[in-house]
Structures are given as C-alpha cells and as structure tokens.
1. Quick check: anything in region 63-75 open to solvent by 100 Å² or more (accessible area, probe 1.4 Å) and at pLDDT below 95?
2. Can you tell me how many residues within region 81-94 are exposed (fewer than 11 other Cβ atoms within 10 Å of the Cβ) and either polar (S, T, N, Q) or in contact (Cβ under 8 Å) with a residue 12 or more places away in the chain (or both)?
3. As an exercise: evaluate Leu127 against (1) within 28 Å of Thr34 (Cβ to Cβ); (2) open to solvent by 90 Å² or more (accessible area, probe 1.4 Å); (3) not in a strand (DSSP E or B) and give the number of the one condition it does not meet.
4. What are the pairs, 6+ residues apart or on separate chains, where a residue within region 103-126 that is closer than 30 Å to His74 by Cβ has its Cβ under 8 Å from a residue that is among the hydroxyl-bearing types (Ser, Thr, Tyr) and open to solvent by less than 100 Å² (accessible area, probe 1.4 Å)?
5. Looking at this structure, is Thr110 under 18 Å from the mean Cα position of the chain (by Cα) and not aliphatic (A, V, I, L, M)?
6. Within region 95-117, work out how many residues are open to solvent by 60 Å² or more (accessible area, probe 1.4 Å) and either under 30 Å from Glu135 (Cα atoms) or not in a strand (DSSP E or B) (or both).
Amino acid sequence: MTVKPAKARTVKKTTEKAKVKVNVKVKKVAAKATVLKDKQTRIEILQSLAEQTKLTRVQVESVFDALNKVIEGHMKKRGSGELTIPKTGIKLRRIKKKATKARRMVSPLTSKEVTIAAKPARFAVKLSALKTLKEMIEQ
C-alpha cells in the first residue's frame with residue numbers, strides 16, 4: 001500500500017511574549033483503508049487496530065471497554081439517550097416503545113386465527129448512519 005503525502009500547508013503561530021510570527025509546515029498524511037473480503041473475528045479486529053495505532057492488543061481492548069462504559073452511561077435511564085461515536089458516522093439513540101395489547105389475527109400462511117401476546121412499554125436502541133458513514137459506503 002502506497003501513501004501519497006498530502007500538500008503541506010503553512011500555519012502561522014504567534015507567541016504572547018515576543019509576538020513573533022513563525023511559519024511552520026504541517027503535512028497531512030491520508031491513509032487509504034484496505035478492502036477486507038472476509039469477515040473478521042473479534043481478535044482479528046483488535047489485532048489490526050493494534051497494528052495501525054501502534055498500541056498493544058490489551059490497550060485497544062481497554063479502549064473498547066471504556067467506550068462501552070460511555071455508551072452505557074448515555075443509554076441508562078437518566079442518561080442523555082443519544083450518543084454520536086466520533087469519526088465513525090454512527091449515532092445511537094434510546095427510544096421508547098409503547099405497550100401493545102394482546103390481539104388476534106389470521107395467519108396468512110395457515111389461515112388460522114392466532115393470538116399475539118401483549119408487550120409492555122420498553123426502551124430500545126436505534127442506530128443511525130450519518131453522512132460520513134454514507135460517504136464511506138459510496139466510495
């Protein structure tokens with residue numbers, strides 16, 4: 001995989017004491033994602049993230065544990081109920097589903113009457129794809 005260096009841009013910094021302008025060149029390196037044809041296991045995902053970030057697999061796993069705790073805090077009863085995972089294009093929302101009554105219906109397969117049980121009111125999680133994830137899929 002070859003990575004093309006992006007164009008360098010100039011950033012002007014000023015210090016408060018001397019008020020001297022310094023030109024610093026900052027290079028952005030855009031790494032392209034590789035296409036993965038096979039489904040990865042949990043260990044394979046952790047290992048590939050560890051290689052890309054130069055962390056150990058245990059450290060990457062601890063990042064996911066911390067992310068899990070953040071998600072849990074937002075989804076709990078007194079939490080905000082909404083969380084956007086940065087740089088992934090994924091938004092999680094807690095939604096409330098209403099209670100349903102027991103009802104009868106005719107099964108289209110057997111043409112017999114079937115009773116559907118009542119369900120209590122409950123919370124569910126809805127996942128939404130944001131613009132960045134949709135753009136990733138289109139490329």
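The values are calculated or read from the model by the stated rules, or taken from the named source; none is laboratory data. Bear in mind the structure is a predicted one, so any value in this text is a computation, not a measurement. For neighbour counting, all protein chains shown are included, and Cβ atoms are generated from backbone atoms with ideal geometry for every residue, glycine included. Heavy atoms of the whole protein, side chains included, go into the accessibility calculation; ligands, DNA and RNA do not. Shrake-Rupley method; radii C 1.70, N 1.55, O 1.52, S 1.80 Å.
1. no
2. Of the residues in region 81-94, 1 are exposed (fewer than 11 other Cβ atoms within 10 Å of the Cβ) and either polar (S, T, N, Q) or in contact (Cβ under 8 Å) with a residue 12 or more places away in the chain (or both).
3. Here Leu127 clears every test but (3).
4. Here the result reads Ala118/Thr100; Lys119/Thr100, each pair linking region 103-126 to a residue that is among the hydroxyl-bearing types (Ser, Thr, Tyr) and open to solvent by less than 100 Å² (accessible area, probe 1.4 Å).
5. Details: under 18 Å from the mean Cα position of the chain (by Cα): no; not aliphatic (A, V, I, L, M): yes.
No, not satisfied.
6. Going through region 95-117 one residue at a time, the tally reaches 11.
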